[in-house]
1. Starting with the highest mean, order A:152-165, A:131-144, B:175-188 by the number of other Cβ atoms within 10 Å, averaged over the residues of each peptide.
2. Cα atoms only, the protein assembly as shown: Rg and Dmax in Å?
3. By DSSP, what percent of the beta bridges with both residues in the protein assembly as shown are antiparallel, rounded to the nearest 5?
4. Taking each residue of B:134-147 in turn, how many C-beta atoms of other protein chains fall within 10 Å of its C-beta, and what is the average?
5. Provide a whole-number value for the mean count of partner chain Cβ atoms within 10 Å of the Cβ atoms in peptide B:164-176.
6. Given Cα pairs under 8 Å that are at least 6 residues apart, what percent is the relative contact order of region B:2-251?
7. For region B:2-251, what is the charge dipole size about the Cα centre, in debye to the nearest 20, if Lys and Arg each add +1 at the Cβ and Asp and Glu each add -1 at the Cβ?
8. Tabulate in residue order the Karplus-calculated ³J(HN,Hα) for region A:161-172, using 6.51 cos²θ - 1.76 cosθ + 1.60 with θ = phi - 60°, rounded to whole Hz; enter x for Gly and Pro.
Amino acid sequence: MKGLFGDFGGQYVPETLLPALEELDAAMEEAFAEKAFWDEFSSYMVHYVGRPTPLTHAKRLSAHYGCDVWLKREDLNHTGSHKINNAIGQILLASRMGKRRIIAETGAGQHGVATATVCALFGLECHVYMGTVDIARQRMNVERMRLLGAEVVPVEGGTATLKDATSEAIRDWIANVDTTYYLIGSAIGPHPYPTMVREFQAVIGREAKQQIVELSGSLPDAVIACVGGGSNAIGIFSAFLDEAQVELIGVEAYGRGNGQHGASISFGTPGVLHGTRSYLLQDKDGQVLDTHSIAAGLDYPGVGPEHSFLAASRRARYGLVTDDQALTGFRLLNRLEGIAPALESAHAIGYLEQYSREKHGSKVVVNLSGRGDKDLHTVIGD
Amino acid sequence: MIAQAIRNHPRAVIPYVTAGLPDLDSTGRILSALKDAGAAAIEIGIPFSDPMADGPVLQKASHLALQAGFRMDDLFGRLGQWSAKIDIPLIVMSYINPLMRRGLHDTLARLKDGGVKGVIIPDLPVEAKGIHADCAAVGIDLIRLVAPTTVPERTREILAQCGGFVYAVAVKGVTGQRASLPEGLQGQVAFLKANTELPVCVGFGVSKASQVDELLGFADGVIVGSYLMDEVMKASDPAAAAGRALRILVNGVPRSGQG
């Protein structure tokens, strides 16, 4: 089977989609081999997205934790998160393939906004599937998508969150496979998506590696990123995979603890969801379990297959941060650095509490994957 | 055994039933009613939390069955009783995850012990080669799906690893009733029949007796799921409703006036 990361990954989808995945795989391979494709991608990164994003030395946060903390500022990207990197990459691919109708799933709404944005930019039809629970808690992003000309399609099935939005997007794709490009938002799903999304997000890691060496004189001791599906984490990890001395730490959402969380690697077992085999929160019958996280983008029972591989092969380790610890991280970063992180990214900040106790004085790069404007009403509790 | 049952039936209709809706006692009664109504074989659907190839009706059926407390062990406990009583092939349809959760080989062996003759896995591509061997080792037919998007070269690869019958997916899309079926369907079925000894049955989108009549004109069998489950979920007596609905499909559109 194509797209394996050790025992994980693959293409577990209905037969109707297999030819479309082969077409996509071929188009991706062809594009990736062309310098002109990457030149165009880079041009959008610089002139539209606003890259490179800074690497900010968080001095007051460093003093607070007793660690040397550097923040990779994906929150400063156009549309407010790392999701735009992947959306630009995939829309260029969709255009090459002649697809005029774009569909996407979204949890927090960040990927939905990024997709709606690139569809506006390229003049393409856009439909974003979003669970009704997420629509309620991410109202601002819903309105942004509509302003950008996208149709936000409410999904009521199952738990009405990212998992169900993804299933519904796949169902749309099965029905409209000839005309439609499925612009998946994380490093999940069937091959070639996990590889493709990693390659578009790898720009984060390339920049961060160069910046940390330039600014601090050496590689970091650790790179920390939150993991839902895991696209921001795999993007920043990818540049450090071959640097064995750099510890790679993914932070999963521990929610309220007590079984109500989104920590697939920490508590899941291998299973198949949305076309890929990866760690999955499931019961003993293979039914997918309900998840909870205060961060809609981490409220997902699966995880990208490459993270499962990195966990199983021990190249990366995966820690836990609760809703409350993430909120503490959110408030701290506001007060100490003047930065409001997305609640997803606040999990990576929240992990510094545990990390600094273990590794006092270490130098860490934290991927600040998105900004927190969208979460203000959750934090304030309106 | 599955192939034979379809070939020997003058109008082979294969109904699909979601297991455990509203409970397994009812499923048993529905199976008997479907057999009495003239089913050629029956697909028993294992409910799944995330049925990505299913439309609204079968999503709802899955969801309700799980809410009602469906468990795999309870199903395994019933299969033997059902297959002893019902002398047409029982086939299990399941997404891959529930089958793999406790080991694919062991799960297939338990199905075989329960008298199940075949298995259909809608999210299992032909590239997953080990599973064909697992099914062969256990002695259960792996029924493969061919889609309208499947190209000829790939079709041959699928047919080489297919048992029981070939499941021709009628529409590009998920399961569920359609007002009309696509025009290229007859050609698709003809191509399949020219390339396999197995019966070719058509499913996805079929709900009307007139569609069944049309399809049986060129296919060996027809699979009906959403339409039946819709009737089952609406009815106060699910078994009677399932039997009544299937009988209409098996008997076909009356050619002369009936009272």
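What follows is calculated from the coordinates using simple rules that are stated; it is not laboratory data. Nothing here was measured: the structure is a model prediction, and the numbers come from that model. In this analysis, Cβ positions are derived from the backbone assuming ideal geometry, glycine residues included, and neighbour counts consider all displayed protein chains.
1. Per-residue Cβ counts within 10 Å, averaged per peptide and sorted highest first, yield A:152-165, A:131-144, B:175-188.
2. Calculated on Cα positions, Rg and Dmax stand at 25.8, 92 Å.
3. Numbers: 15 of 74 bridges.
So the antiparallel bridges in the protein assembly as shown amount to around 20 percent.
4. On the way: counts 0, 0, 0, 0, 0, 0, 0, 0, 0, 0, 1, 3, 2, 8.
Average per residue, whole number: 1.
5. Values: counts 0, 0, 0, 1, 0, 4, 0, 3, 8, 9, 8, 1, 2.
So the per-residue partner count for this stretch is 3.
6. Values: 493 pairs, mean separation 60.8, N = 250.
The normalised contact order for region B:2-251 reaches 24 percent.
7. Numbers: 24 positive and 25 negative charges, 34 e Å.
It works out to roughly 160 debye.
8. Here the 3J(HN,Hα) series is 10, 4, 4, 6, 4, 5, 4, 5, 5, 5, 4, 4 Hz.
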